[in-house]
1. Output yes when any residue across segment 15-22 is surrounded by 14 or more Cβ atoms within 10 Å (Cβ to Cβ) and either farther than 21 Å from Val85 by Cβ or without any contact (Cβ under 8 Å) to a residue 12 or more places away in the chain (or both), and no when none is.
2. Kindly evaluate Lys104 against the criterion of being free of Cβ contacts under 8 Å to residues at least 60 places away in the same chain, among the basic types (Lys, Arg) and exposed (fewer than 15 other Cβ atoms within 10 Å of the Cβ).
3. Which ones in segment 57-99 are aromatic (Phe, Trp, Tyr) and loosely packed, with under 13 Cβ neighbours inside 10 Å?
4. Got at least one residue in segment 47-54 being among the small types (Gly, Ala, Ser) and closer than 22 Å to Ala103 by Cβ?
5. For the chain, please list each of the helices (runs of 4 or more DSSP H) lying entirely inside it that holds at least 1 residues being at negative phi, small (Gly, Ala, Ser) and within 13 Å of the chain's Cα centre (by Cα).
6. Return yes or no: is Leu29 surrounded by 14 or more Cβ atoms within 10 Å (Cβ to Cβ) and out of contact with any Leu (no Cβ under 6 Å at 6 or more places or on another chain)?
7. Could you grab me the full set of residues in segment 51-101 that are aromatic (Phe, Trp, Tyr), more than 16 Å from Leu22 (Cα to Cα) and in contact (Cβ under 8 Å) with a residue 60 or more places away in the chain?
Amino acid sequence: MNPISYTPDLITMVVGVILSLLFNYFPVLNTWYAALKSEVKSAIMIGLLAATSVSIYLLSLYGVIEVSGPITWTLVLRTFVLALVANQSTYVVAPQTNAVREAKQ
C-alpha cells in the first residue's frame with residue numbers, strides 16, 4: 001500500500017477546497033460573506049489563498065513539508081494557482097444554502 005504523499009500541491013488544493021466550503025456552509029460566516037460585494041469577496045479569497053501559498057512555501061523552506069524539487073518562488077506561484085483552481089471549482093459545483101441565497105438578495 002502506497003501512503004499519500006502530502007506535497008505542497010496537494011496541501012494547497014485541500015486548503016482551497018476547505019476555504020470554499022467554509023465560506024459556503026459555515027453558519028454566520030456564509031451569510032456574512034454572501035452579503036459582501038463581489039470585489040470584496042474576491043479580495044478576501046485571493047488574500048487567503050495567497051497567504052496559504054506563502055505559508056506552504058515557508059513550511060517547505062524549513063523542511064516541515066518535504067519537496068522533491070528546488071524550493072523557489074515558482075512553488076508559491078504554482079501552489080497559488082492550484083489553490084485558486086480548487087477553490088473556485090468547489091465554489092461552482094457546491095450548491096448554495098437557502099441562507100446564502102437570501103443574503104445575496
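Values in this text are rule-based calculations from the coordinates and carry no lab data. Note that the coordinates shown come from a computational prediction; the quantities given were computed from them, not determined experimentally. Note that we place each Cβ from the backbone using ideal geometry, even for glycine, and neighbour counts take in every protein chain shown.
1. Start the filter on segment 15-22 by keeping residues that are surrounded by 14 or more Cβ atoms within 10 Å (Cβ to Cβ), which leaves 15-21.
In the following step, the residues that additionally are either farther than 21 Å from Val85 by Cβ or without any contact (Cβ under 8 Å) to a residue 12 or more places away in the chain (or both) were identified as 18.
Scanning segment 15-22 turns up at least one residue that is surrounded by 14 or more Cβ atoms within 10 Å (Cβ to Cβ) and either farther than 21 Å from Val85 by Cβ or without any contact (Cβ under 8 Å) to a residue 12 or more places away in the chain (or both).
2. Numbers: free of Cβ contacts under 8 Å to residues at least 60 places away in the same chain: no; among the basic types (Lys, Arg): yes; exposed (fewer than 15 other Cβ atoms within 10 Å of the Cβ): yes.
No: the conditions fail for Lys104.
3. Residues of segment 57-99 that are aromatic (Phe, Trp, Tyr), as a first pass: 57, 62, 73, 80, 91.
Of everything in segment 57-99, those that are aromatic (Phe, Trp, Tyr) and loosely packed, with under 13 Cβ neighbours inside 10 Å turn out to be Tyr62, Trp73.
4. Here is the first cut: in segment 47-54, the residues among the small types (Gly, Ala, Ser) are 47, 50-51, 53.
Pick out the ones that are also closer than 22 Å to Ala103 by Cβ and you get 47.
Yes, segment 47-54 contains at least one residue that is among the small types (Gly, Ala, Ser) and closer than 22 Å to Ala103 by Cβ.
5. On the way: elements: 8-25, 29-34, 38-61, 73-93, 98-104.
Those helices (runs of 4 or more DSSP H) span 8-25, 38-61, 73-93.
6. Details: surrounded by 14 or more Cβ atoms within 10 Å (Cβ to Cβ): no; out of contact with any Leu (no Cβ under 6 Å at 6 or more places or on another chain): yes.
Here the answer is no, as Leu29 does not meet what is asked.
7. Step one: list which residues in segment 51-101 are aromatic (Phe, Trp, Tyr), which gives 57, 62, 73, 80, 91.
Subset that is more than 16 Å from Leu22 (Cα to Cα): 57, 62, 73, 80.
If the condition is that a residue be aromatic (Phe, Trp, Tyr), more than 16 Å from Leu22 (Cα to Cα) and in contact (Cβ under 8 Å) with a residue 60 or more places away in the chain, then Phe80 is the only one that fits.
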